[in-house]
Protein chains: 2
Amino acid sequence: MNRKPRFTKQRKLILDELKKVKTHPTAQELYDSIRKVLPNISLGTVYRNLELLCQQGMAKRVEFPEAQRRYDGDVSRHYHIQCVGCGKVDDIYVNETRAIREDELIRFLGIKTNYDVHGQKIDFFGLCPECKSRKNQEKL
Amino acid sequence: MNRKPRFTKQRKLILDELKKVKTHPTAQELYDSIRKVLPNISLGTVYRNLELLCQQGMAKRVEFPEAQRRYDGDVSRHYHIQCVGCGKVDDIYVNETRAIREDELIRFLGIKTNYDVHGQKIDFFGLCPECKSRKNQEKL
DNA sequence: GTATTATTAGTAACAGTTACTATTACTAAT
DNA sequence: ATTAGTAATAGTAACTGTTACTAATAATAC
Ligand SMILES: [Mn+2]
Ligand SMILES: [Mn+2]
Ligand SMILES: [Zn+2]
Ligand SMILES: [Zn+2]
């Protein structure tokens, strides 16, 4: 039934470019650079393929509040820091496994990244009790 | 020079409603409920005042990826968890001061919130080296 | 090579938020 | 109390990032 996804030149170019850069580009930025070699590619194609690559685990979304969505070709476990001045996103690779206190962490990251670290943002996600039981209902 | 901000009935209603609910409403949701008592209020007024209240530290933005902006009348220090099923946002008040390991934390929050906790998202923000020195330049 | 159909380019639609503008209504000074 | 000055408002238009639609194209299996 299900045909394999095709490996079009558009898809290949998008993935290659994303893997190449370290800038966590937006769809628009990728579109602009890929257009230099494939002038007729459309922005929709870039979006569609980026989302597809994310689904397949070959890319990741990098989302900050009030900023447009960015994508990352590096799917290894790492954190991100965004500059409140220019909006760019840099990587933070931490190999510490033990937990550290918040103030220590800020100081540590300041040294590691050369950023003036203002703070962090921690959010959680999951299934609320209602949605949990609704989901269980549906299974029966 | 600078006039005081006026305390209009629109502003008062918005703040009161926001403080009253625990749902982290969107601007649209606040607009809908406030319209029941002030039918002519405009959505723009709700947005403008919410942003103003945030600037003044009387409210906070609650922003999750892929979701519309929400606001919180509770500015005390607490975390948020969003349901991936229905999108609602609940509070997490943690009085633990010591750091805890990630897996412990997830278990702990599961018990505390009754959510099926899928994970967390940690991001950092600050000033990059370039913006830091640009800022210093401007001061001279 | 031919048939099948996933993918594409181009464009329109959409949603959330912000900007604009003429009018209204607080506030403070007279 | 009246007035002058101006912050704030309602209503609406514009904007921005993303998604949806559709006819044409091109990757793959046979
Ligand atoms: Mn990264
Ligand atoms: Mn809250
Ligand atoms: Zn910067
Ligand atoms: Zn839910």
### Query
Considering the range B:5-25 alone, what residues qualify as being out of contact with any helix residue (DSSP H, G or I) (no Cβ under 8 Å at 6 or more places or on another chain) and surrounded by 18 or more Cβ atoms within 10 Å (Cβ to Cβ)?
B:24
### Message
Condition first: more than 16 Å from ligand 1 (Cβ to nearest atom), open to solvent by 20 Å² or more (accessible area, probe 1.4 Å), modelled with pLDDT under 90 and of a type in the set (D, E, K, R). Can you find one or more residues in the range B:108-128 that meet it?
### Response
yes
### Message
When you scan the range A:91-103, do you find a residue that is surrounded by 12 or more Cβ atoms within 10 Å (Cβ to Cβ), more than 14 Å from ligand 1 (Cβ to nearest atom) and within 17 Å of the chain's Cα centre (by Cα), even just one?
### Response
no
### Task
Run down A:89, A:75, A:62, A:84 and say which single residue is at the interface with chain B (Cβ under 7 Å from one of its Cβ atoms) and either within 25 Å of residue A:31 (Cα to Cα) or in contact with a Gly (Cβ under 8 Å, 6 or more places away or on another chain) (or both).
A:84
### Message
Condition check: in contact (Cβ under 8 Å) with a residue 12 or more places away in the chain, open to solvent by 50 Å² or more (accessible area, probe 1.4 Å) and among the hydroxyl-bearing types (Ser, Thr, Tyr). Does residue B:47 satisfy that?
### Response
yes
## Note on the structure
residue B:51 meets each of (1) away from ligand 2 (no atom under 12 Å from the Cβ); (2) more than 14 Å from every other protein chain (Cβ to nearest Cβ) with one exception, condition (2)
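So that you can scan it fast, the table gives a plain yes or no per residue for (1) among the polar types (S, T, N, Q); (2) touching a strand residue (DSSP E or B) at 6+ places or on another chain (Cβ under 8 Å); (3) under 28 Å from residue B:131 (Cα atoms):
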| position | (1), (2), (3) |
| --- | --- |
| A:39 | no, no, no |
| A:66 | no, no, yes |
| A:75 | no, yes, yes |
| A:135 | no, yes, no |
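The values are calculated or read from the model by the stated rules, or taken from the named source; none is laboratory data. This structure is a prediction, so every number in the text was calculated from the model and none was measured. Cβ sites come from the backbone with ideal geometry, for glycine too, and all protein chains shown count toward neighbours. Remember, those area values only see protein heavy atoms, side chains included, never the ligands or the DNA or RNA. Shrake-Rupley method; radii C 1.70, N 1.55, O 1.52, S 1.80 Å.
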